[in-house]
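Written out below as C-alpha cells is the structure these notes cover.
Just so it is clear, none of the values below were taken in a lab; they were calculated from the coordinates. Everything numeric in this text was worked out from a predicted model, so none of it was measured. Glycine also receives a Cβ, built like all others from the backbone with ideal geometry; neighbour counts cover every protein chain displayed.
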Amino acid sequence: MISFLLIDENSVVASLQSIITRVFPDAPVYTASGGTEAWMLIQTHAPTIIISDLQLPGMSGLDLCKRVRANDRFKDIYFIVFTSSTNKEQRIEILESGADEYLSKPINIDEFTTKLRSAIRIVQMQDRLLVESTKLKELTVQLERDFDEMAHLSIGFLQSRFAQTIPMLARVTKISLWIAGQFTEITDYEKKELEYASQLCYVGKLFLPDALMYQPISIDGKPAHELMAHVPHSAKMILSTVKRFDNIGDILHRLYENFDGSGFPERQQSWQIPLSARILRVALDFEEIRERTRKSPQDTLSIIQRDTKRLYDHRIVLLLSEYVSRQSGSLSHSASRPVQFQDLKDGMVLARDVYTNSGLKLLPADATLSTKTIERILTHASTDPIIGNIYVRLS
C-alpha cells in the first residue's frame, strides 16, 4: 500500500495532509516536524513517498535524503523536497543529493497533486518491476549455466510480447554485427553479447503501459515520454537477474547515452559509452526511423548523419553509410570498388570521403589521387587509422 511521510512545521503538514487525504483517502499519512523525528518514523514505517521541507530542525531535508539513499532498506523511497528558495544552484544540489523531485513554496495544489500522481506511477512501476524481476530470477536460476539457451529463451519471450518488431530487430542485429566486424578490438564473445543485446533491446519496455509499448524510447536524443526515462534502468535490472547477462544489461543501460553527453540515464559521453552500445544505438535508431517515417535507407541515413557527434559516434555512422551502400548495391556494381592501401595508384578517383578514426576528413569524394595524397593516406593510417575501406571509381 502507498504511504506518505510529511515533514515540515505543523501548519504546513496539516495543509498537505488534508490534500493527500482528499486525493488518496486510503493511504496512510505519517507526519513529523523535524529530521530526527522523521528518521525514526522512516525506520518504523518505511513510507513509500517522503515529502520534506529543505530546512528542518535537527537534520536538514538534504541530510535526511542522503541518509535515506545510503540505507539499502530505504534507498528506493521516492523523495520530494520543497523549498521557498529560487536559487538555481540550490535546486541542483537538491537533485544531486538524491531527491527525485522538488517543489517550490508556496505550494500550488494542482502542481502538488500532479507530482504525487507521477510519483505513485513511478513507484508502482518499480514495484511491478521488482516482482517480475524476482519471478524471472526464480525461473532462470536452473538455466543460468547455459548462456545460449537462456538467451534464446529470453529472446523468444520478448518476441512473443513484441511480435511486430521481430523483422526490424533482425535487421538491427545484422547491421550491428556487420559494423562490429569492422572493429578488430571487438572479440567474438563481445559480438555474441551484442547480438543478444540487439534482440533484447526492448526488454526495459515490458512494464510500460500498453499505449507506450510500441512507441520509440528516444526521439532526438531525449526520452519520448517521462516513463521512457526509466527504461534503461529497467533493462539493466531485469537482465542483472542472470549473472551472464551483466554485460548485455550494461549495453542496454547505456544505449540512450548521446555521444555529446546529453543523453540518459547518466549523461555519459563519447568513449565513456561502451562501443557495443554506440553501435547498437546507431543501428536501432536507423531502423526505427525507417519504420516510423517510411523513408528510403539513403534518406534515413541522411537523418542519422545530421546528428553525427551529437547523438552518434562518427566512426559508426561512417560504417553505417558503407553498409547501406553495400546493401543498395552502389558499392558492389560498376560505380566503385574497394582498394587496399598497397593497391592505391596515381590517377584513381575517390568514390567516397576518407575519414580517420579521430574524425578527420582526410580526403573528399571525387578527389584524384597522386603520389603525395597516397603518401598522406599511408602516413595518417599508421597513427590515425582509416575508417572502413577506401573506395575508388572505376574507369
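Points worth noting:
- Between amide H atoms placed 1.01 Å from N, distances below 5 Å from LEU103 occur with VAL81, PHE82, THR83, all of them 5 or more places distant or on a separate chain.
- Lysines whose Cα lies under 24 Å from that of LYS345, excluding same-chain neighbours fewer than 8 positions away: LYS361, LYS372
- Counted over the chain, the DSSP beta bridges are approximately 40% antiparallel.
- Approximate spin-label separation SER328-GLU93, in nm, with each point projected 7 Å along Cα-to-Cβ: 5.5
- Packing around the peptides 21-27, 319-325, taken as the average count of other Cβ atoms within 10 Å per residue, puts them in this order, highest first: 319-325, 21-27.
- Unsatisfied cross-links (Cα-Cα over 24 Å) in the set LYS137/LYS205; LYS115/LYS243; LYS135/LYS243: LYS115/LYS243
- Cut-off under 5 Å, modelled amide H: who pairs with ARG352 long-range: ASP366, TYR391
- Angle between the chain longest axis and helix 297-306 axis [Cα atoms, degrees, rounded to 10]: 60
- The stretch 300-366-the stretch 12-79 distance, computed between alpha-carbon centres (Å): 57
- Taking each DSSP H run with n ≥ 4 as -39500 (n - 2.57) and averaging over every residue of the chain yields -15500 deg cm²/dmol at 222 nm.
- Between helix 371-383 and the chain: long-axis angle, C-alpha atoms, 0 to 90°, nearest 10: 40
- Packing order of peptides 280-292, 236-248, highest average first: 280-292, 236-248 (average count of other Cβ atoms within 10 Å over each peptide's residues).
- If R0 is taken as 22 Å, the Cβ-Cβ distance between SER160 and ARG294 corresponds to a FRET efficiency of 0.25.
- The 3J(HN,Hα) values that the Karplus relation (6.51, -1.76, 1.60; θ = phi - 60°) gives for the stretch 80-91 are, in residue order, 10, 10, 10, 8, 8, 6, 9, 5, 4, 4, 5, 5 Hz. Gly and Pro appear as x.
- If R0 is 45 Å, the Cβ-Cβ spacing of LYS137 and ASP346 corresponds to a FRET efficiency of close to 0.10.
- Nearest 10 degrees, 0 to 90: helix 61-70 Cα axis against the chain principal axis: 60
- The Kirkwood hydrodynamic radius of the chain, based on inverse pair distances between different Cα atoms, is 24.2 Å.
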